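The values are calculated or read from the model by the stated rules, or taken from the named source; none is laboratory data. Everything quoted here is computed from the prediction, not taken from an experiment. Neighbour counts run over all protein chains shown; Cβ positions are idealised from the backbone, glycine included. Surface accessibility is based on the protein's heavy atoms, side chains included, excluding ligands, DNA and RNA. Shrake-Rupley method; radii C 1.70, N 1.55, O 1.52, S 1.80 Å.
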Amino acid sequence: MAEITAALVKELREKTGAGMMECKKALNETNGNLEEAIDWLRKKGLSVAEKKAGRVAAQGLVGVTTNGKKGAMVELNSETDFVARNEEFQAFTRDLVDISIKNPECSDVEMLKAYEKEGKTIDAHLTALIAKIGENMNLRRVAHLEVNNGVVASYIHNTMAPGLGKIGVLVGIESEAPEADLVDLAKKIAMHIAAAAPKFLDIASVDAASLEHERGIYAEQARQSGKPENIIEKMIEGRIRKYYEEVVLLEQAFIMDPDKKVKDVVAEAAKTFGKPVEIKGFVRYALGEGLEKKSEDFAEEVSKQLAK
């Protein structure tokens, strides 16, 4: 068998981007033949990615970008926060939001995965990145926001790189007021959304099932007080108003001036601008929300990698 030198492993790694251990194994399997080792890695690339696909990916990045009246946002998950700091992972996330904002059909995850770049689908590029970095990854969700007149602004919380972080927000404001004024207002509201995490834009958009669920809980709590039904009904309505103030954007106390509601801030802006101002929509992504987070000792993970 040909000698598998460190220089040969390094060369194969530079040509393929595969991990050191995978390169060494490929050269062993092909008796040190570099070209055959490249083919061996290419053939094994998908299986390497599939082997990692069962592992929980709840870290990663939220990426946002805006362009005047349009905005796009994606969540790309990885297994560890360490990978989210990888420059290639960050560059790939930026590519995703750039492709998405330039191609309206790519507001859907499957359509974005099917988009072709440099002769390969985004899904194929993702598979290659999984094999190269050695962690499971998942393009979880994509959002678009657009207004007819006005602006779409963004905000990133826990920024790891420009346009990339742990919480991302898009907010669209419709108005014929000067763009600079609208951008300033929209950014402040986006910061509020990041902090306050509203679920609905206005009372009319509150999900009926969610409202009835809350009403049922409040009714049971109120009846335990033993008060008359007419008092109980007032107690329920009071708690419903409180619920709106917690989950409805326009009813929330504005984080920069808690004495005002968000709807008051919007109304004051319209008066100042001399033009109607309306929040048309928003999207808020918090990294990994709703996903099971894995907790694993870092030293143990290193030991596992060395044992492979």
Quiz item: Is it true that Gly119 is modelled with pLDDT under 90, small (Gly, Ala, Ser) and over 25 Å from Glu146 (Cβ atoms)?
Solution: no
Practice problem: Report yes if Glu214 is without any contact (Cβ under 8 Å) to a residue 24 or more places away in the chain and part of a helix (DSSP H, G or I), otherwise no. | Solution: no
Exercise. Can you confirm whether segment 66-76 contains a residue that is surrounded by fewer than 17 Cβ atoms within 10 Å (Cβ to Cβ), in contact (Cβ under 8 Å) with a residue 24 or more places away in the chain, polar (S, T, N, Q) and on the phi < 0 side of the Ramachandran plot?
Key: yes
Exercise. For segment 199-250, name all the residues that are among the hydroxyl-bearing types (Ser, Thr, Tyr), within 26 Å of the chain's Cα centre (by Cα) and loosely packed, with under 14 Cβ neighbours inside 10 Å.
Key: Ser205, Ser210
Quiz item: Given the structure, is Val97 in contact with a Phe, Trp or Tyr (Cβ under 9 Å, 6 or more places away or on another chain), more than 22 Å from Thr16 (Cβ to Cβ), open to solvent by less than 10 Å² (accessible area, probe 1.4 Å) and at pLDDT 90 or above?
Solution: no
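Out of Leu145, Leu126, Leu112, which single residue is out of contact with any Lys or Arg (no Cβ under 7 Å at 6 or more places or on another chain), among the hydrophobic types (A, V, I, L, M, F, W, C) and part of a strand (DSSP E or B)?
Leu145
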Exercise. State all residues of segment 58-108 that are in a helix (DSSP H, G or I) and basic (Lys, Arg); if no residue qualifies, say none.
Key: Arg94, Lys102
Quiz item: In segment 7-37, which residue that is under 18 Å from Ile130 (Cβ atoms) and open to solvent by less than 80 Å² (accessible area, probe 1.4 Å) is modelled with the highest pLDDT?
Solution: Ala26
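Residues are listed down the side, and each one gets a yes or a no for (1) part of a loop (DSSP other than H, G, I, E, B); (2) under 30 Å from Ala58 (Cβ atoms); (3) of a type in the set (Phe, Trp, Tyr); (4) at pLDDT 95 or above:
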| residue | (1), (2), (3), (4) |
| --- | --- |
| Glu246 | no, yes, no, no |
| Leu250 | no, no, no, yes |
| Asp259 | no, no, no, yes |
| Val265 | no, no, no, yes |
| Ala269 | no, no, no, yes |
| Lys275 | yes, no, no, yes |
| Lys280 | no, no, no, yes |
| Arg284 | no, yes, no, yes |
Quiz item: Restricting attention to segment 251-280, which residues are open to solvent by less than 60 Å² (accessible area, probe 1.4 Å) and β-branched (Val, Ile, Thr)?
Solution: Val262, Val265, Val266, Val277, Ile279
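Filter segment 151-171 down to the residues that are small (Gly, Ala, Ser) and surrounded by fewer than 24 Cβ atoms within 10 Å (Cβ to Cβ), then identify the one that is modelled with the lowest pLDDT.
Of everything passing the filter in segment 151-171, Ala161 is modelled with the lowest pLDDT.
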Self-check item: Filtered residue count, segment 78-94, keeping only those that are surrounded by 14 or more Cβ atoms within 10 Å (Cβ to Cβ) and either at pLDDT 95 or above or polar (S, T, N, Q) (or both)
Solution: 8
Self-check item: Which numbered condition Glu301 fails, given (1) modelled with pLDDT under 95; (2) over 28 Å from the mean Cα position of the chain (by Cα)
Solution: (2)
